[in-house]
Amino acid sequence: MPISRRRFLKNTLALSLGFAGLHRHLAWGNPAAESRFGPLVPDLEGVLDLPEGFGYRLLSQVGDMMDDGLLVPGKADGMAAFAGPKDRTILVRNHELGPGSPSAGAFGENNEWLDKIPREDLYDFGKGEAPNLGGTTTAVYNHQTGTIEREFLSLAGTAVNCAGGPTPWNSWITCEETTPAAGDLWERDHGYNFEVPATAEIHRAAPVPLVAMGRFKHEAVAIDPQTGIVYQTEDTGDSLIYRFIPDEPGTLTAGGKLQALAVIDRPQLDTRNWEQVLVRPGEPMAVRWVDIENVESPENDLRFQGFEGKGCAVFARGEGMWYGHDSIYFTCTSGGPHQHCQIFRYRPSPDEGTAAEDKAPGTLELFVEPDDAALIDRADNITVTPFGDLIVCEDGGNGNNLVGIKPSGEIYRFAHNAMNGSEFAGATFSPDGQVLFVNIQHPGLTFAVYGPWDRA
């Protein structure tokens, strides 16, 4: 095992593997609304500040030996939780790595353990010189012990796996946030989604790109369980919002139709509000969806095709996306006049994806647009809580918090990274709603957060 990584974590983070007691003095000021759970209390371990009564446990860290003989990779990012057998929760977790980060990869400091997995299990071997080190790991959490009892590499050889989204059929769609084409070292095109089954047994998913869902700088997806339609964000400053209508709901490899969002009677709407405020919170806008062609996009130009050629709306770095309460929520990290972020809500048509939706179109509204970085600074990953709030992971320069948003739009802090200022990522609740799992991306840590959720 690379001892250097383990020593770094032990010596600099001083993390306790038990529950951290959070019972002391000073509290954070509340930025907008009274928190559902009270003010934050400084953590004596200097890791996570949480409300009184809440605690955390470190579950997994970069460099740990996994049960398949490989190492927990770094840069943990998007994540989802699935119901497992016998009081277990299955976590599928992204790792935002490229080929140039072997010291943070699963195969040792210099990729010396690449031969531990079959060559065909890697999407892009990089001709042996620059193997891609992104992908996913899966961890099986035991609710009785509060620990991870099994952990393994579940997708290998992809690049810069940022976020994604869970499916209703118990798999995780992981998204590549990069679009290099095959060339001198890269053997395969990148910029695709991949599907990873949520399984408690050691298993690596076949690295099959979901080509029909489009090649672009993917960030996250959300699936409406009523229709099986997949909604997608794109992480660029001039991005589109996409939907994918599968030919066979639940079988994404069977192909389907890729479309992009446009606002009815407002062609090429600039939702970013950078130079002119064109979109205001709470105003519903009727939506139409337009077909996108040439989805493999050798020139990485789907957003130009949609905006310039078809009048689609443009967004400011679409990032996290999650389905909940009959809506699709998504974040735009640099949206708004001050570029602190925007959060949108899309309400699908009762006839979503059919010809009849023209008569009752889905609606888009700007849900939150903070005018102060103290409220939310660069919203990234997002999840919908069992009690109806949103939990947003910050990726900004304001210390980085987990931020709650009530259905009314009021904002409060739920957690603060007191350790190192790195971004939170992958916030997701266990199926029973009793545990919040979350990552701190650098150096690559996964936590469980426990507490009196019934206070909500």
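State all residues of segment 85-111 that are aliphatic (A, V, I, L, M) and either over 18 Å from Asn439 (Cβ atoms) or assigned to a strand (DSSP E or B) (or both); if no residue qualifies, say none.
Ile90, Leu91, Val92
Within segment 370-388, does at least one residue satisfy the condition of being surrounded by fewer than 24 Cβ atoms within 10 Å (Cβ to Cβ) and either under 19 Å from Arg93 (Cβ atoms) or touching a Leu at 6+ places or on another chain (Cβ under 7 Å) (or both)?
yes
May I ask you to verify whether Asn381 is out of contact with any Lys or Arg (no Cβ under 7 Å at 6 or more places or on another chain) and either closer than 26 Å to Val47 by Cα or in contact (Cβ under 8 Å) with a residue 12 or more places away in the chain (or both)? Write out each step before concluding.
Details: out of contact with any Lys or Arg (no Cβ under 7 Å at 6 or more places or on another chain): yes; either closer than 26 Å to Val47 by Cα or in contact (Cβ under 8 Å) with a residue 12 or more places away in the chain (or both): yes.
Yes.
For the structure I just gave you, tell me whether Phe344 is surrounded by 23 or more Cβ atoms within 10 Å (Cβ to Cβ), under 18 Å from Ile292 (Cβ atoms) and among the aromatic types (Phe, Trp, Tyr).
In short, no.
Quick check on my filter: what residues within segment 84-124 are basic (Lys, Arg) and closer than 16 Å to Met65 by Cβ? So that I can check it myself, show each step before the final result.
From segment 84-124, those basic (Lys, Arg) are 86, 88, 93, 116, 119; that's our starting set.
Once the filter is applied, which keeps residues that are basic (Lys, Arg) and closer than 16 Å to Met65 by Cβ, segment 84-124 yields only Lys116.
Which condition breaks for Phe437 when tested against (1) modelled with pLDDT of 95 or more; (2) surrounded by fewer than 20 Cβ atoms within 10 Å (Cβ to Cβ); (3) of a type in the set (A, V, I, L, M, F, W, C)?
Going through (1) modelled with pLDDT of 95 or more; (2) surrounded by fewer than 20 Cβ atoms within 10 Å (Cβ to Cβ); (3) of a type in the set (A, V, I, L, M, F, W, C) one by one, Phe437 breaks only (2).
Go through segment 116-141 and report how many residues are within 23 Å of the chain's Cα centre (by Cα) and more than 26 Å from Thr178 (Cα to Cα). Step through it out loud before you land on a result.
In the first step, residues of segment 116-141 are kept if they are within 23 Å of the chain's Cα centre (by Cα); the result is 122-124, 132-141.
When the remaining residues are screened for being more than 26 Å from Thr178 (Cα to Cα), the result is 140-141.
So the count comes out to 2.
So that you can scan it fast, the table gives a plain yes or no per residue for (1) acidic (Asp, Glu); (2) at pLDDT 95 or above; (3) under 19 Å from the mean Cα position of the chain (by Cα):
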| residue | (1), (2), (3) |
| --- | --- |
| Ala222 | no, yes, yes |
| Pro225 | no, yes, yes |
| Ile229 | no, yes, yes |
| Ile241 | no, yes, yes |
| Ala260 | no, yes, no |
| Arg272 | no, yes, no |
| Glu275 | yes, no, no |
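The values are calculated or read from the model by the stated rules, or taken from the named source; none is laboratory data. Just so you know, these numbers come straight off a predicted model, no measurement behind them. Methodologically, a virtual Cβ is constructed for each residue, glycine included, from the backbone with ideal geometry; neighbour enumeration extends over all protein chains shown.
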